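Each remark here refers to the structure printed beneath this line.
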Amino acid sequence: MRNRHFHETIELHIIIYGQRLMFVNQETYRLTPHTAIMVNHNIIHKTSTAPNMPPDHHNFILQLDRAVFDEKFREFGLKGFDDFGATYGGLAKFNDTEWQLIQSIIDEFKAACDDERRGMTSSMEDLHSFLYLQAVELACIFAKSRRRDMQRKLTEQGIETAEQQSVVKTGVYQKVRDIAMYLQGHTDENMSLDDLAKKFFMSKSYLTRVFRNVTGFSVVEYITYI
(Lines give C-alpha, C1' and ligand atoms only; values in the text may rest on other atoms or scores of the structure.)
Protein backbone atom coordinates (compact mmCIF):
# COMPACT_ATOMS: atom_id res chain seq x y z
CA MET A 1 0.00 0.00 0.00
CA ARG A 2 2.99 2.36 0.23
CA ASN A 3 3.22 2.38 -3.56
CA ARG A 4 0.65 4.02 -5.83
CA HIS A 5 -1.57 1.50 -7.55
CA PHE A 6 -5.07 0.77 -8.78
CA HIS A 7 -6.98 -2.44 -9.29
CA GLU A 8 -10.22 -3.97 -10.56
CA THR A 9 -11.65 -4.47 -7.07
CA ILE A 10 -13.43 -2.01 -4.79
CA GLU A 11 -11.26 -1.46 -1.72
CA LEU A 12 -12.70 -0.87 1.75
CA HIS A 13 -9.92 0.42 4.01
CA ILE A 14 -10.72 0.66 7.73
CA ILE A 15 -8.30 2.18 10.26
CA ILE A 16 -8.46 0.44 13.65
CA TYR A 17 -5.51 2.07 15.41
CA GLY A 18 -3.16 4.95 14.56
CA GLN A 19 -3.33 7.35 11.64
CA ARG A 20 -2.58 7.15 7.92
CA LEU A 21 -2.81 9.45 4.94
CA MET A 22 -4.50 8.20 1.78
CA PHE A 23 -4.03 9.89 -1.58
CA VAL A 24 -7.02 9.17 -3.87
CA ASN A 25 -7.17 10.73 -7.36
CA GLN A 26 -6.18 14.25 -6.29
CA GLU A 27 -7.13 14.54 -2.60
CA THR A 28 -5.14 13.46 0.46
CA TYR A 29 -7.33 12.18 3.33
CA ARG A 30 -6.40 11.67 6.97
CA LEU A 31 -7.63 8.27 8.19
CA THR A 32 -8.18 7.77 11.92
CA PRO A 33 -10.14 5.27 14.04
CA HIS A 34 -13.90 5.62 13.49
CA THR A 35 -13.20 6.32 9.80
CA ALA A 36 -12.87 4.25 6.66
CA ILE A 37 -12.42 4.99 2.99
CA MET A 38 -13.86 3.17 0.00
CA VAL A 39 -11.80 3.40 -3.19
CA ASN A 40 -13.70 2.59 -6.36
CA HIS A 41 -12.15 0.24 -8.89
CA ASN A 42 -9.50 1.68 -11.24
CA ILE A 43 -8.90 4.72 -9.03
CA ILE A 44 -5.27 5.47 -8.15
CA HIS A 45 -4.45 5.54 -4.45
CA LYS A 46 -1.49 5.38 -2.09
CA THR A 47 -1.05 5.47 1.70
CA SER A 48 1.69 7.17 3.70
CA THR A 49 2.54 8.04 7.29
CA ALA A 50 0.75 11.06 8.74
CA PRO A 51 3.16 13.94 9.56
CA ASN A 52 4.29 14.11 13.19
CA MET A 53 2.60 10.79 13.91
CA PRO A 54 4.26 7.42 14.64
CA PRO A 55 4.03 4.94 11.75
CA ASP A 56 2.39 2.28 13.97
CA HIS A 57 -1.11 1.49 12.79
CA HIS A 58 -3.57 -1.36 12.39
CA ASN A 59 -5.93 -1.50 9.46
CA PHE A 60 -8.43 -3.92 7.95
CA ILE A 61 -8.65 -3.99 4.17
CA LEU A 62 -11.25 -5.77 2.05
CA GLN A 63 -10.92 -6.17 -1.70
CA LEU A 64 -14.43 -6.63 -3.11
CA ASP A 65 -14.40 -8.47 -6.42
CA ARG A 66 -17.00 -7.82 -9.09
CA ALA A 67 -17.47 -11.53 -9.83
CA VAL A 68 -18.80 -12.10 -6.31
CA PHE A 69 -20.13 -8.80 -5.03
CA ASP A 70 -22.10 -7.49 -7.98
CA GLU A 71 -24.65 -10.22 -7.23
CA LYS A 72 -24.24 -10.04 -3.43
CA PHE A 73 -24.86 -6.28 -3.34
CA ARG A 74 -28.05 -6.66 -5.37
CA GLU A 75 -29.29 -9.50 -3.14
CA PHE A 76 -29.10 -7.20 -0.11
CA GLY A 77 -30.81 -4.23 -1.75
CA LEU A 78 -27.64 -2.31 -2.57
CA LYS A 79 -26.75 -1.10 -6.03
CA GLY A 80 -24.68 -3.29 -8.35
CA PHE A 81 -20.89 -3.27 -8.26
CA ASP A 82 -20.34 -0.26 -10.56
CA ASP A 83 -23.10 1.91 -9.10
CA PHE A 84 -22.12 1.04 -5.54
CA GLY A 85 -18.49 2.05 -6.08
CA ALA A 86 -19.40 5.25 -7.93
CA THR A 87 -22.06 6.31 -5.39
CA TYR A 88 -20.32 5.51 -2.13
CA GLY A 89 -16.65 5.92 -2.98
CA GLY A 90 -15.03 8.27 -0.47
CA LEU A 91 -14.55 8.64 3.27
CA ALA A 92 -17.05 7.77 6.01
CA LYS A 93 -17.02 8.61 9.72
CA PHE A 94 -18.90 6.19 11.97
CA ASN A 95 -20.85 6.91 15.13
CA ASP A 96 -20.09 4.91 18.29
CA THR A 97 -22.76 2.27 17.63
CA GLU A 98 -21.58 1.70 14.06
CA TRP A 99 -17.95 1.55 15.17
CA GLN A 100 -18.64 -1.07 17.83
CA LEU A 101 -20.52 -3.16 15.26
CA ILE A 102 -17.67 -2.81 12.75
CA GLN A 103 -15.13 -3.93 15.34
CA SER A 104 -17.23 -6.97 16.25
CA ILE A 105 -17.60 -7.94 12.57
CA ILE A 106 -13.84 -7.64 12.03
CA ASP A 107 -13.23 -9.81 15.11
CA GLU A 108 -15.63 -12.46 13.76
CA PHE A 109 -14.01 -12.25 10.33
CA LYS A 110 -10.53 -12.82 11.80
CA ALA A 111 -11.75 -15.59 14.10
CA ALA A 112 -13.32 -17.46 11.18
CA CYS A 113 -10.07 -17.26 9.22
CA ASP A 114 -8.10 -18.46 12.26
CA ASP A 115 -10.49 -21.41 12.61
CA GLU A 116 -9.89 -22.29 8.95
CA ARG A 117 -6.12 -22.22 9.46
CA ARG A 118 -6.50 -24.56 12.45
CA GLY A 119 -8.71 -26.92 10.45
CA MET A 120 -11.79 -26.18 12.56
CA THR A 121 -14.06 -25.07 9.68
CA SER A 122 -16.57 -27.62 8.38
CA SER A 123 -16.05 -26.64 4.74
CA MET A 124 -14.55 -23.90 2.58
CA GLU A 125 -18.02 -23.26 1.16
CA ASP A 126 -19.37 -22.53 4.65
CA LEU A 127 -16.41 -20.27 5.38
CA HIS A 128 -16.82 -18.31 2.14
CA SER A 129 -20.55 -17.85 2.70
CA PHE A 130 -19.92 -16.54 6.20
CA LEU A 131 -17.17 -14.14 5.08
CA TYR A 132 -19.26 -12.85 2.17
CA LEU A 133 -22.07 -12.00 4.61
CA GLN A 134 -19.63 -10.19 6.92
CA ALA A 135 -18.18 -8.24 3.98
CA VAL A 136 -21.63 -7.19 2.76
CA GLU A 137 -22.60 -6.10 6.28
CA LEU A 138 -19.49 -3.91 6.47
CA ALA A 139 -20.36 -2.45 3.06
CA CYS A 140 -23.92 -1.72 4.24
CA ILE A 141 -22.71 0.09 7.36
CA PHE A 142 -20.26 2.09 5.26
CA ALA A 143 -22.99 3.01 2.74
CA LYS A 144 -25.31 4.13 5.56
CA SER A 145 -22.63 6.43 6.96
CA ARG A 146 -21.85 7.84 3.51
CA ARG A 147 -25.55 8.52 2.84
CA ARG A 148 -25.81 10.35 6.15
CA ASP A 149 -22.79 12.48 5.33
CA MET A 150 -24.00 13.26 1.80
CA GLN A 151 -27.47 14.17 3.10
CA ARG A 152 -25.89 16.51 5.63
CA LYS A 153 -24.01 18.20 2.80
CA LEU A 154 -27.32 18.85 1.03
CA THR A 155 -29.27 20.10 4.04
CA GLU A 156 -26.68 22.00 6.08
CA GLN A 157 -25.08 24.54 3.78
CA GLY A 158 -21.75 25.90 4.96
CA ILE A 159 -21.01 22.95 7.26
CA GLU A 160 -18.26 20.62 6.16
CA THR A 161 -19.00 16.91 5.81
CA ALA A 162 -16.84 14.30 7.55
CA GLU A 163 -15.14 13.66 4.21
CA GLN A 164 -14.35 17.34 3.70
CA GLN A 165 -13.04 17.63 7.26
CA SER A 166 -10.65 14.71 6.63
CA VAL A 167 -9.06 16.26 3.52
CA VAL A 168 -5.55 17.54 4.29
CA LYS A 169 -5.57 21.13 3.04
CA THR A 170 -2.19 22.41 4.17
CA GLY A 171 1.36 22.49 2.86
CA VAL A 172 2.50 20.21 0.09
CA TYR A 173 -0.77 18.20 0.14
CA GLN A 174 -2.81 21.23 -0.93
CA LYS A 175 -0.19 22.15 -3.51
CA VAL A 176 -0.16 18.63 -4.97
CA ARG A 177 -3.97 18.68 -5.08
CA ASP A 178 -3.90 21.95 -7.02
CA ILE A 179 -1.37 20.56 -9.48
CA ALA A 180 -3.30 17.31 -9.93
CA MET A 181 -6.57 19.20 -10.49
CA TYR A 182 -4.85 21.44 -13.04
CA LEU A 183 -3.39 18.47 -14.92
CA GLN A 184 -6.80 16.75 -14.98
CA GLY A 185 -8.35 19.82 -16.56
CA HIS A 186 -5.62 20.41 -19.15
CA THR A 187 -4.93 16.99 -20.62
CA ASP A 188 -4.94 18.42 -24.14
CA GLU A 189 -2.08 20.82 -23.45
CA ASN A 190 1.54 19.87 -24.00
CA MET A 191 2.89 21.65 -20.92
CA SER A 192 6.52 21.13 -20.02
CA LEU A 193 7.67 20.47 -16.45
CA ASP A 194 9.42 23.86 -16.49
CA ASP A 195 6.16 25.61 -17.43
CA LEU A 196 4.25 23.73 -14.73
CA ALA A 197 6.83 24.66 -12.09
CA LYS A 198 6.64 28.33 -13.07
CA LYS A 199 2.84 28.29 -12.96
CA PHE A 200 2.85 27.02 -9.37
CA PHE A 201 5.85 29.12 -8.26
CA MET A 202 8.03 26.12 -7.43
CA SER A 203 11.39 24.88 -8.59
CA LYS A 204 11.22 21.96 -11.00
CA SER A 205 13.17 19.70 -8.64
CA TYR A 206 10.94 20.52 -5.65
CA LEU A 207 7.73 20.04 -7.64
CA THR A 208 8.98 16.70 -8.94
CA ARG A 209 9.94 15.50 -5.46
CA VAL A 210 6.79 16.47 -3.55
CA PHE A 211 4.45 15.27 -6.31
CA ARG A 212 6.04 11.82 -6.31
CA ASN A 213 6.17 11.65 -2.50
CA VAL A 214 2.43 12.32 -2.17
CA THR A 215 1.02 10.54 -5.23
CA GLY A 216 3.61 7.87 -6.00
CA PHE A 217 3.65 9.15 -9.59
CA SER A 218 6.07 11.32 -11.46
CA VAL A 219 4.25 14.21 -13.16
CA VAL A 220 4.71 12.54 -16.55
CA GLU A 221 3.35 9.21 -15.23
CA TYR A 222 0.32 10.99 -13.74
CA ILE A 223 -0.42 12.76 -17.03
CA THR A 224 -0.17 9.43 -18.85
CA TYR A 225 -2.56 7.82 -16.34
CA ILE A 226 -5.26 10.51 -16.53
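Numbers below:
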{"quantity": "Per-region count, the stretch 18-31, residues open to solvent by 30 Å² or more (accessible area, probe 1.4 Å) and either under 22 Å from Ile226 (Cα atoms) or of a type in the set (Lys, Arg) (or both)", "calculated": "3"}
{"quantity": "Of all residues in the stretch 201-223 being exposed (fewer than 15 other Cβ atoms within 10 Å of the Cβ) and among the hydrophobic types (A, V, I, L, M, F, W, C), the one that is nearest to the chain's Cα centre (by Cα)", "calculated": "Val220"}
{"quantity": "Pairs with Cβ under 9 Å, 6+ apart, first in the stretch 172-193 and touching a residue at least 24 places away in the same chain (Cβ under 8 Å), second loosely packed, with under 13 Cβ neighbours inside 10 Å and part of a helix (DSSP H, G or I)", "calculated": "Leu193/Val220"}
{"quantity": "Some residue of the stretch 152-162 being assigned to a helix (DSSP H, G or I), closer than 14 Å to Met38 by Cβ and modelled with pLDDT of 85 or more", "calculated": "no"}
{"quantity": "Some residue of the stretch 165-174 being out of contact with any helix residue (DSSP H, G or I) (no Cβ under 9 Å at 6 or more places or on another chain), surrounded by 18 or more Cβ atoms within 10 Å (Cβ to Cβ) and at pLDDT 80 or above", "calculated": "yes"}
{"quantity": "Any hit, the stretch 145-165, residues being of a type in the set (Lys, Arg), closer than 21 Å to Ile44 by Cβ and in contact with a strand residue (DSSP E or B) (Cβ under 9 Å, 6 or more places away or on another chain)", "calculated": "yes"}
{"quantity": "Out of Asn52, Asn42, Asn3, sole residue that is among the polar types (S, T, N, Q), at pLDDT below 95 and in contact with an Asp or Glu (Cβ under 9 Å, 6 or more places away or on another chain)", "calculated": "Asn42"}
{"quantity": "Selection count, the stretch 184-222, where residues are within 16 Å of Phe23 (Cα to Cα) and of a type in the set (A, V, I, L, M)", "calculated": "3"}
{"quantity": "Enumerated strands (runs of 3 or more DSSP E) restricted to the stretch 32-88, each holding at least 2 residues that are surrounded by 18 or more Cβ atoms within 10 Å (Cβ to Cβ), without any contact (Cβ under 8 Å) to a residue 60 or more places away in the chain and touching a His at 6+ places or on another chain (Cβ under 7 Å)", "calculated": "35-39"}
{"quantity": "Count of residues meeting criterion [open to solvent by 20 Å² or more (accessible area, probe 1.4 Å) and touching a residue at least 40 places away in the same chain (Cβ under 8 Å)] in the stretch 1-17", "calculated": "10"}
{"quantity": "Considering residues of the stretch 131-147 that are out of contact with any Lys or Arg (no Cβ under 9 Å at 6 or more places or on another chain) and open to solvent by 70 Å² or more (accessible area, probe 1.4 Å) only, the residue nearest to Asp114 (Cα to Cα)", "calculated": "Glu137"}
{"quantity": "Any pair with Cβ under 8 angstrom, 6 or more apart, that starts in the stretch 197-224 at a residue that is in a loop (DSSP other than H, G, I, E, B) and at pLDDT below 85 and ends at one that is surrounded by 15 or more Cβ atoms within 10 Å (Cβ to Cβ) and among the hydrophobic types (A, V, I, L, M, F, W, C)", "calculated": "Gly216/Phe23; Gly216/Ile44; Phe217/Ile44; Phe217/Phe211"}
{"quantity": "Tally of residues being open to solvent by 40 Å² or more (accessible area, probe 1.4 Å) and either part of a helix (DSSP H, G or I) or among the aliphatic types (A, V, I, L, M) (or both) across the stretch 89-107", "calculated": "7"}
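The values are calculated or read from the model by the stated rules, or taken from the named source; none is laboratory data. This is a predicted model, so every value here is computed, not measured. When we count neighbours, we look across all protein chains shown, and the Cβ atoms used for this are built from the backbone with ideal geometry, even at glycine. Just so you know, the surface numbers come from the protein's heavy atoms only, side chains and all, with ligands and any DNA or RNA stripped out. Shrake-Rupley method; radii C 1.70, N 1.55, O 1.52, S 1.80 Å.
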